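Okay, structure first, notes after.
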There are 2 protein chains.
Amino acid sequence: MAWQRIYYCPPLSPSIRRSGGKSLAEYKCFQQRRIIVSNILSYNFDEYANMVTSFHGSPAPGVLIGGYMIDYAYKNLREGGEYDIICETAKCLPDAVQLLTPCSIGNRWLKIIDVGRYALIFYDKHSGMGVRVYLDWRLLDRWPQIKSWYLKLTPKAEQDEESLLREIKEARGDICRIEDVKVSLDALIKQKSSSISICPSCEEAYRSADGAICPACQGGILPYSRVNRIRCVRDKFHLSA
Amino acid sequence: MAWQRIYYCPPLSPSIRRSGGKSLAEYKCFQQRRIIVSNILSYNFDEYANMVTSFHGSPAPGVLIGGYMIDYAYKNLREGGEYDIICETAKCLPDAVQLLTPCSIGNRWLKIIDVGRYALIFYDKHSGMGVRVYLDWRLLDRWPQIKSWYLKLTPKAEQDEESLLREIKEARGDICRIEDVKVSLDALIKQKSSSISICPSCEEAYRSADGAICPACQGGILPYSRVNRIRCVRDKFHLSA
């Protein structure tokens, strides 16, 4: 599923996806023919920066660099896979994935395993084979603003935002490394096919596989308390089906 | 921040946000003036279903219902807050949030605490006060297709998709309940302001607050192994700043 969508429409923003797209092979030829510096898939830097601002709220450096990481990964993906994505940080990078690929957090083709590293894994959901792209601090000596941002060497207020964006645009994927990886599909937790129960404590529906009462009622996971019910119906209902 | 964006542009898709929007007060008047059944914020059902298909890959019932949940929450939000969102499931619902509000997983204004309940919490980031909207199975007797889908009473292959979408469109927010909540802001984990270290094991950058080595190297969290390095530079670099 995931790869079918990547395969048929690599320039992958919602609007582009609606109007069709290119196959991976077409995309690669397209990229080779164009001599445009700083392209991110089929977008130029400014187009992508506008998309990021719209979706993310600001042209955050992390989402911009994420665009080049995805572009770099695409250039190294093998034909014929069906790719899902794992993101190793919850900060910024997932939004680049959601803007440029068909993988979203809600459709579960994007998984976040937040270990705080700036890395993305594209893996074939059948074989587990894929690539991992990551931002490498050792490649940043040429790019002092990116280095300073990435390693938090200067406080945010003192960052020279304009120079930082210029460096990101010039550096493109050159600040990333790529490696082949094999994902253990067995290790990926699947929450599929659990039946649904009604929690005897909160009386809401939840995955039966999670236990005799829902996870929210099992422990202090959720950080809120009810203040006052609006439109609350106190009558007891029974599951009639 | 979050509320500023909600406040100034309630019809909140990326494209709408780009072209400006309405204040919450304007939005409420706007909604009252219109006598359009099945509106989701400023979109009609079909417009929203197209957005969902673009972003999520299919007009998934969960994302469609999520639209009405968000619409319902908006109608009950108090003026003047700056709202962030907590989603109680990772499935489908987060994509409705990302399509209709400025909160995304990458900008951290959307938090997912996956307890498997179909619920959204909008809370003011300063006071913690907010509302919780949830899909209530006890309100589904009038909507057999929605009930069957939500409680997984029939296998997916046997679902009558057309009837299901029609019921969702007719039911609108009537299948949801709302309650006032107070979120404990202290309990929300903040990952702010950690400095960055280089992990002595993998030599990648990570949040110093996570320990002496990065979380990925601390345990078997990540489900992949390296197969072969491409473009790997073996030289050791030292952090020069």
**Message:** Any residue in the stretch B:148-168 that is under 14 Å from A:Ser197 (Cα atoms) sitting within a Cβ distance under 6 Å of a residue that is in a helix (DSSP H, G or I) and open to solvent by 70 Å² or more (accessible area, probe 1.4 Å)? List the pairs, counting only those 6 or more apart or interchain.
**Reply:** none
**Fill in**
In the stretch A:40-56, residues that are open to solvent by less than 20 Å² (accessible area, probe 1.4 Å) and touching a helix residue (DSSP H, G or I) at 6+ places or on another chain (Cβ under 6 Å) total 8
**Asked** Of these, A:Ala187, A:Ala212, A:Ala205, which one is facing chain B (nearest Cβ under 10 Å) and either open to solvent by less than 50 Å² (accessible area, probe 1.4 Å) or touching a Ser or Thr at 6+ places or on another chain (Cβ under 9 Å) (or both)?
**Response** A:Ala205
**Item:** Qualifying helices (runs of 4 or more DSSP H) (wholly inside the stretch B:130-241; at least 3 residues being out of contact with any Cys (no Cβ under 8 Å at 6 or more places or on another chain), within 20 Å of B:Arg117 (Cβ to Cβ) and modelled with pLDDT of 90 or more)
**Value:** B:144-150
**Request:** Enumerate the pairs (first residue in the stretch A:216-227 and under 17 Å from B:Leu185 (Cα atoms) and in the same structural domain as A:Pro200 (by TED's automatic domain parsing); second residue anywhere and in a strand (DSSP E or B) and not charged (D, E, K, R)) with beta-carbon separation below 7 Å, excluding pairs fewer than 6 apart on the same chain, so at least 6 apart or on different chains.
**Result:** A:Pro223/B:Val183; A:Tyr224/B:Ile121; A:Tyr224/B:Val181; A:Tyr224/B:Val183; A:Ser225/B:Val181; A:Arg226/B:Val181; A:Val227/B:Val181
**Prompt:** Condition test on B:Asp180, is it in contact with a strand residue (DSSP E or B) (Cβ under 7 Å, 6 or more places away or on another chain) and open to solvent by less than 20 Å² (accessible area, probe 1.4 Å)?
**Reply:** no
**Request:** State all residues of the stretch A:62-103 that are more than 10 Å from chain B (Cβ to nearest Cβ), in a helix (DSSP H, G or I) and touching a Phe, Trp or Tyr at 6+ places or on another chain (Cβ under 6 Å); if no residue qualifies, say none.
**Result:** A:Gly67, A:Ala73
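The rows are residues; the columns are (1) touching a residue at least 12 places away in the same chain (Cβ under 8 Å); (2) among the hydrophobic types (A, V, I, L, M, F, W, C); (3) assigned by TED's automatic domain parsing to the domain that holds B:Val133.
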| residue | (1), (2), (3) |
| --- | --- |
| B:Tyr48 | yes, no, yes |
| B:Ser54 | no, no, yes |
| B:Tyr68 | yes, no, yes |
| B:Lys75 | yes, no, yes |
| B:Ile85 | yes, yes, yes |
| B:Glu88 | yes, no, yes |
| B:Lys91 | yes, no, yes |
| B:Thr101 | yes, no, yes |
**Message:** Quick check on A:Ile221: is it more than 9 Å from chain B (Cβ to nearest Cβ) and either in contact with a Ser or Thr (Cβ under 7 Å, 6 or more places away or on another chain) or surrounded by fewer than 21 Cβ atoms within 10 Å (Cβ to Cβ) (or both)?
**Reply:** no
**Asked** Which residues, taken from the stretch A:104-126, are in contact (Cβ under 8 Å) with a residue 60 or more places away in the chain, crowded, with 24+ Cβ neighbours inside 10 Å and more than 9 Å from chain B (Cβ to nearest Cβ)?
**Response** none
**Message:** Looking at the stretch A:187-195, can you tell me whether even one residue there is hydrophobic (A, V, I, L, M, F, W, C), touching a residue at least 12 places away in the same chain (Cβ under 8 Å) and touching a helix residue (DSSP H, G or I) at 6+ places or on another chain (Cβ under 8 Å)?
**Reply:** no
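The values are calculated or read from the model by the stated rules, or taken from the named source; none is laboratory data. Bear in mind the structure is a predicted one, so any value in this text is a computation, not a measurement. Note: ideal-geometry Cβ built from the backbone for every residue, glycine included; neighbour counts use all protein chains shown. What goes into the accessible areas is simple: the full protein's heavy atoms, side chains included, and nothing from ligands, DNA or RNA. Shrake-Rupley method; radii C 1.70, N 1.55, O 1.52, S 1.80 Å.
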